[in-house]
Amino acid sequence: MAVRACRIEELPPGSRKIVPGGRFGIGVFNSGGALYALANRCPHDGAPVCLGPITGTTESERSYDAKWVKDGQILRCPWHGWEFELATGKSVASPPKNIRTYPVRVENGWVIVDD
Amino acid sequence: MDGSLSTIEKVDAAAHPFPRDQDDIRKYMSAPLSNLRFPGLDGYFYPPPSAEYRPDFAPAGGLPGSDPQLLSRQLISDGEVSAVVLLPLTRGLLPDVDMATEICRATNKWLAEEWLAYDTERFFGSIRVNPADPDRAIEEIETWADHPQMVQVAVPLQAHQPYGQRRFRPIWESAARHGLPVAVHADNLGGNEYWPTSVGYPLHYVEYAAQYSINYIVHLMSLIAEGVFEDLEDLVFVFADGGIDMLFPLIWRFDSDWRAIRSVTPWVKKTPVDYLHGHVRFCSHRFEGPLDAEERLPWLQAVDAEHLLMYSGNYPSVSFEGPGAFDNAPAGLRERVLCRNAAELYPKLGARIS
Amino acid sequence: MTDATDYLPIVDCDVHPAPRSAAELLDYLPDRYQGKVGDMLRSWFRMNRGTGVLTGFGALATGMRRDAMPKTGPGGSDPSLMEEQLLVQAGVTCAILIPLTVTGMANPEHEAALCAATNAWLADNWLGKYNGHGRYRGSIMVCPDVPEAALEEIERWSKHGGFVQVMVPPTVRGSYGLPQYFPIFEAAVRHGLPVATHINRTPGIAMLSPVGFTSYYFEFHPQYTLYYYPHVASLVMSGVMARLPDLRFVLVEGGVSWLAPFMWRLDHYWRQFGSEVPWLDRPPSEYVRNQVLVTTQPLERPNRTRRLHEYLNWMGSERMVMFSTDYPHWDYDHPEATLRRFPEEVRTRFAYQNAAELYGLAGLSSSSARPLRPAVAG
């Protein structure tokens with residue numbers, strides 16, 4: 001089922017909209033021009049994960065080495081800070097606990113999420 | 001009773017030898033340090049209300065645990081154990097780093113000459129080092145690593161910094177390089193230790209004794225948090241005072257927080273609980289676990305004794321228990337706790353008994 | 001639509017309201033502190049740019065759930081937001097409030113002053129103006145190292161009706177079995193109040209473990225337990241529990257399942273070395289089971305929940321455990337995610353009955369005390 005989220009002009013890069021859809025609502029994001037849609041429910045405790053900050057994360061090769069990577073590509077849950085890749089909904093930490101994602105497209109100027 | 005009980009070679013993973021006399025190790029020390037006073041082994045901050053050591057474990061005229069022949073008879077001949085890992089104590093966190101190091105050196109020489117030489121097949125030993133003196137700790141490891149009976153490095157439970165912190169790393173790297181686990185065991189309070197609990201000095205001996213060994217958890221969390229286990233694949237820490245009883249309730253808390261705050265310490269790649277099998281072992285202790293015998297087996301299973309626990313008698317303490325404590329465990333679990341876990345952790349020992 | 005079977009009353013035993021500003025709090029300083037001490041505290045809060053809470057470790061974000069931050073003021077300072085998020089969305093029926101406005105201070109007089117201000121502020125605001133619905137109860141903050149002031153606070157607020165426990169920090173000048181702390185426990189019992197402890201914000205030496213300072217917040221946070229069990233051991237072994245059989249000691253945010261092995265330890269060591277404490281007339285574990293309670297947040301989460309249940313069974317936890325969220329902190333336990341992890345046979349005890357009995361909360365199972373919306377979220 002297709003959900004009309006908003007007009008594309010209402011979703012400039014760096015912005016998001018939470019729209020009804022699915023069981024918990026859907027967060028639609030524009031990150032640097034690319035559109036993503038994720039279920040608004042954290043797989044941890046059910047928090048409204050799409051309200052969390054978009055940020056980066058860290059990777060490491062040895063103790064005390066922390067590189068800042070994927071800036072603007074990581075969604076952090078507003079409750080317990082779990083990190084997810086915006087594009088795939090995949091958790092950064094293992095074992096994987098992922099957010100459900102939805103296909104999203106633009107049609108006739110509308111942002112459409114396919115539920 | 002299962003007739004196959006007697007066919008398992010049993011290992012006692014921690015017995016504590018003492019010098020016959022307080023200052024017996026002095027003859028292994030060099031001047032000028034050998035001329036100075038240092039705390040005796042019976043320097044206690046807390047007077048125990050009753051004996052800490054069993055009098056029947058003392059030879060005439062000596063401290064409990066001070067006679068190799070007596071220990072051998074009590075643990076091996078009468079006690080059915082095939083191999084014993086000897087873990088001597090040192091004198092607490094002495095403020096004079098050189099003195100503490102010299103005591104470690106002398107203890108190692110004493111152990112090798114008066115204990116390991118007594119039984120080259122069944123006695124194994126621990127290399128005492130002073131974590132406050134990393135360079136000379138590494139020298140000491142290098143000196144003894146190839147001794148055929150030295151199976152691990154040993155450090156005090158007491159510390160001024162948790163053992164994961166960076167100043168200690170070179171010591172653990174050296175231990176790992178030589179395939180030696182690191183055993184942690186409390187000395188008596190004789191030096192400049194911090195207060196025994198996070199809220200100060202307990203009033204009573206019974207409180208101090210019941211709680212002190214739990215402090216290993218700070219070292220364990222530190223070793224995980226600072227990436228020591230992540231970086232040193234082969235490193236194993238042995239918490240020889242016990243503590244497996246308190247492990248999972250506290251590690252589970254650590255697991256939740258790791259996942260939330262992972263990005264601060266991205267070198268911790270796994271959930272903390274997943275480091276245990278590869279990097280942590282506990283010695284058993286009689287004063288842990290359910291008092292109800294019926295709950296003992298479910299408890300051993302709950303604490304993953306199969307992978308994490310090694311039987312130790314804790315000789316010559318009043319808490320001593322023989323390997324019979326595991327008689328009612330299923331054969332597989334019993335064999336791992338009484339033998340396999342130690343035999344695999346200490347290859348020199350494993351080769352001797354198989 | 002509401003369905004009677006969906007409704008489970010919930011008492012949340014750890015909620016943190018906050019003043020909008022330091023000024024709001026310090027306006028409640030009693031007269032005797034308004035002079036030099038009041039000036040010093042005002043100036044100190046200004047220096048610390050806020051409520052003066054100090055901690056050496058950086059918690060997640062600002063320590064708060066990001067979606068629990070009001071438009072102005074710190075987390076927990078907006079009564080409408082708390083009502084909406086806690087009482088409506090989370091379905092909490094009744095919340096026990098524990099302000100964190102009191103910091104461990106070098107001079108206990110200053111800490112006592114902060115306690116007095118906090119209690120008056122709580123009474124006026126969260127147990128007064130913001131408590132029209134009657135669902136909030138509070139804690140009398142005391143500084144045990146100024147005993148006269150502590151006793152005075154207990155006397156003053158125990159009759160109020162809205163305060164249901166005395167709150168003490170775990171970081172005092174010794175463990176709570178020390179004789180100088182006995183009058184506090186005795187006074188609490190005399191007024192029918194449990195004594196609870198919650199980790200305080202302090203810098204430096206109070207955060208020292210017996211083997212040194214941890215490096216990271218995620219090491220320190222699980223180790224709150226290490227600040228609580230020495231007090232449990234002390235209250236048992238010094239005979240305070242024995243002398244005050246009606247004393248109830250609540251450990252907040254310090255974990256649950258550790259009590260099972262800890263009770264065993266106390267029993268083992270007491271059997272061997274208990275001659276030093278002949279005033280105990282039963283094993284330590286019995287005092288603990290009867291007189292110590294714990295709040296659940298942050299609940300231990302083994303991969304298989306059955307493993308947690310094993311420890312709960314070993315504890316004999318039926319009357320010992322009380323649900324909490326720690327709202328509005330980052331490590332908040334949502335009722336929907338947490339209550340189902342309790343064994344079914346004790347779920348109602350943990351969710352509200354143990355707390356209702358401890359804190360004298362009447363009528364929670366009746367429909368007149370329903371939450372503002374059913375507990376099962378859509």
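We did not get these values from a lab; they are worked out from the coordinates using the rules stated. Source: prediction; values computed, not measured. So basically every Cβ, Gly included, is an ideal-geometry build from the backbone, and we count neighbours across all protein chains shown.
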Checklist line | Vicinal HN-Hα couplings computed from phi for segment B:150-164 (Karplus, 6.51 cos²θ - 1.76 cosθ + 1.60; Hz; Gly/Pro x) | finding: 7, 10, 7, 9, 9, 9, x, 5, 5, 7, 9, 9, x, 6, x
Next item on the list: Rounded to whole Å and ordered largest first, report the semi-axes of the equivalent ellipsoid of the protein assembly as shown derived from its Cα gyration tensor (root of 5λ).
Entry: 49, 33, 26
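Excluding the sites themselves, what is the longest stretch of chain B that contains no GluC sites (Glu not before Pro) in a DSSP loop with at most 16 other C-beta atoms within 10 Å? Show your work: numbers first, answer last.
Details: sites that count: B:121, B:233.
The segment B:234-354 is the longest one with no such site.
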Checklist line | Table column - 3J(HN,Hα) (Hz), segment B:62-71, Karplus curve with 6.51, -1.76, 1.60, x for Gly and Pro | finding: x, 6, x, x, 9, 10, x, 5, 5, 4
Note to self: Using only the alpha-carbon atoms, what does segment C:4-369 span along each of its principal axes? Please give whole angstrom values in decreasing order.
What the structure shows: 54, 51, 43
Next item on the list: Would you mind giving the mean number of other chain beta-carbons within 10 Å of the Cβ of each residue in A:56-65, as a whole number?
Entry: 5
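For C:309, C:221, what's the fewest-to-most ordering of other Cβ within 10 Å of each Cβ?
Values: C:309 19, C:221 22.
Fewest-to-most Cβ neighbours within 10 Å comes out as C:309, C:221.
For segment C:83-192, what is the convex hull volume of its Cα atoms per residue in Å³? All intermediate terms of the calculation are to be shown ahead of the outcome.
Values: hull volume 11.6 nm³, N = 110.
In segment C:83-192, the Cα convex hull volume per residue is 105 Å³.
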Next item on the list: Would you mind checking which residues have amide H under 5 Å from residue B:237's amide H? H placed 1.01 Å from N; only 5 or more apart, or other chain.
Entry: B:182, B:280, B:281
Next item on the list: Sticking to Cα atoms, compute the Rg of segment B:8-353 to one decimal and its Dmax as the biggest Cα-Cα distance, whole number, in Å.
Entry: 19.1, 60
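As a footprinting exposure proxy, order C:129, B:10 by other Cβ within 10 Å, with the fewest listed first. Display every interim value, and only then the final one.
On the way: C:129 9, B:10 26.
Ranked by crowding around the Cβ, least crowded first: C:129, B:10.
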Item checked: Relative contact order, percent, segment C:257-358 [alpha-carbon distance under 8 Å, six or more residues apart] -> 27 percent
Margin query: I need the shape label for segment C:284-361. Rule: rounded when a/c is under 1.5, else prolate if a/b > b/c, else oblate, with a, b, c from the alpha carbon gyration tensor.
Written below: oblate
Note to self: How large is log10 of I(q)/I(0) for segment B:131-178 at q = 0.19, 0.20, 0.27 Å⁻¹ when the intensity is taken from the Debye formula with one equal scatterer per alpha-carbon?
What the structure shows: -0.59, -0.65, -1.08
Next item on the list: Averaging sequence separations of C-alpha pairs under 8 Å and six or more residues apart, then dividing by the length of chain B, give the relative contact order as a whole percent.
Entry: 20 percent
Next item on the list: About the Cα centre of segment B:218-354, how large is the charge dipole given +1 on each Lys and Arg Cβ and -1 on each Asp and Glu Cβ? Please answer in debye to the nearest 20.
Entry: 260 debye
Item checked: Distant-in-sequence amide H partners of residue C:105 (H built 1.01 Å from N, under 5 Å) -> C:111
Check: Between rounded, prolate and oblate, where does segment C:1-151 land on the alpha carbon gyration tensor, with a ≥ b ≥ c its root eigenvalues, rounded for a/c under 1.5, else prolate if a/b exceeds b/c?
Finding: prolate
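Per residue of B:213-226, what is the mean number of Cβ atoms on other protein chains within 10 angstrom of that residue's Cβ?
Rounded to a whole number, the mean comes out at 5.
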Margin query: Give the separation of the Cα centroids, segment A:56-115 to segment B:236-254, in Å.
Written below: 33 Å
Next item on the list: Round to a whole angstrom and tell me the spacing of the C-alpha centers of segment C:296-369 and segment B:104-143.
Entry: 51 Å
Check: How big is segment B:1-151 by Rg and Dmax over its Cα atoms, in Å?
Finding: 16.7, 58
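Enter the mean number of other protein chain beta carbons within 10 Å of the beta carbon of each residue in C:229-240, as an integer.
Values: counts 8, 13, 3, 2, 9, 8, 0, 2, 7, 4, 0, 0.
Mean partner shielding for this stretch: 5.
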Next item on the list: Quick one: which residues, 5+ away or cross-chain, put their amide H under 5 Å from the amide H of residue A:2? H built at 1.01 Å from N.
Entry: A:115
Note to self: Quick check on segment A:1-91: take the gyration tensor over C-alpha atoms, sort the square-rooted eigenvalues as a ≥ b ≥ c, and tell me if it's rounded (a/c under 1.5), prolate or oblate.
What the structure shows: oblate
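Got a sec? How would C:135, B:259 order by Cβ neighbour count within 10 Å, fewest to most? Walk me through the numbers before you get to the answer.
Numbers: C:135 19, B:259 23.
In order of increasing Cβ crowding within 10 Å: C:135, B:259.
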Item checked: segment C:4-369, relative contact order in percent, only Cα pairs under 8 angstrom and at least six apart counted -> 20 percent
Check: Size of the dipole of segment B:8-353 about the Cα centre, Lys and Arg at +1 and Asp and Glu at -1 on the beta carbon, nothing else charged, in debye to 20?
Finding: 420 debye
Next item on the list: Among DSSP beta bridges lying fully in the protein assembly as shown, give the percent that are antiparallel, nearest 5.
Entry: 45 percent
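Run the helix sum for the protein assembly as shown: -39,500 (n - 2.57) per DSSP H stretch of 4+ residues, divided by residue count, reported at 222 nm to the nearest 500 deg cm²/dmol. Display every interim value, and only then the final one.
Working: 28 runs with 235 residues, N = 847.
Helix-only estimate at 222 nm: -7500 deg cm²/dmol.
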Note to self: Give me a comma-separated list of calculated 3J(HN,Hα) values for segment B:180-193, in order, Karplus coefficients 6.51, -1.76, 1.60 applied at θ = phi - 60°, integers in Hz, x for any Gly or Pro.
What the structure shows: 9, x, 10, 9, 10, 8, 5, 7, 5, 6, x, x, 9, 7
Item checked: Whole-percent pair-distance distribution, where bins are 5 Å wide, for the alpha carbons of segment B:215-354 -> 2, 9, 19, 21, 19, 14, 10, 5, 2, 0
